[in-house]
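Just below is one structure, and these are the notes that go with it.
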Amino acid sequence: MIAARPMFTHVVLFKLKDPAADTHRVREGLLALQGQIPELRSLEVGVDRLRQDRSYDIALIARFDSRADHDAYQAHPAHRAFAEFLIPLRVASVAVDYED
């Protein structure tokens, strides 16, 4: 039996200042990273539908072959440009990074 290679998973939740105005732009910007960053193995972006007090607006789940690939993603110019674009649009973000 061949052992499965561990993946590195990056999960981020974003709370936006104006979800009605910015959710679509942020979602599309995140999805556009998929073809630009070679180390990015898979990308999933979800938009909150419940809109509860504790809810965040957008969830990002990004998977990489290794921690080093995640670090390359973080440093990639496309990711850095998106992060700059997002700064004035968000109230908060939280992240969890783990190896699975």
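Structure data summary
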item	result
Residues (touching a residue at least 60 places away in the same chain (Cβ under 8 Å) and either on the phi > 0 side of the Ramachandran plot or among the basic types (K, R) (or both)) located in segment 71-100	R90
Residue in segment 13-27 that is within 24 Å of E99 (Cα to Cα), at pLDDT 95 or above and among the β-branched types (V, I, T) present	no
Filtered residues of segment 33-45 (kept if in contact (Cβ under 8 Å) with a residue 40 or more places away in the chain and part of a helix (DSSP H, G or I))	L33
Qualifying positions in segment 49-64 - surrounded by 14 or more Cβ atoms within 10 Å (Cβ to Cβ) and assigned to a loop (DSSP other than H, G, I, E, B)	Y56, D57
Residue in segment 76-95 that is surrounded by the most Cβ atoms within 10 Å (Cβ to Cβ), counting only those that are assigned to a strand (DSSP E or B) and out of contact with any Lys or Arg (no Cβ under 6 Å at 6 or more places or on another chain)	R90
Total residues in segment 30-48, condition buried (at least 18 other Cβ atoms within 10 Å of the Cβ) and either closer than 17 Å to L86 by Cα or over 14 Å from the mean Cα position of the chain (by Cα) (or both)	3
In segment 1-29, residue surrounded by the fewest Cβ atoms within 10 Å (Cβ to Cβ) [restricted to those that are in a helix (DSSP H, G or I) and aliphatic (A, V, I, L, M)]	A20
Residues located in segment 65-75, provided they are surrounded by 15 or more Cβ atoms within 10 Å (Cβ to Cβ) and under 18 Å from V45 (Cα atoms)	H70, Y73
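The values are calculated or read from the model by the stated rules, or taken from the named source; none is laboratory data. Computed from a prediction, not measured in an experiment: that's the story for all the values here. Note: ideal-geometry Cβ built from the backbone for every residue, glycine included; neighbour counts use all protein chains shown.
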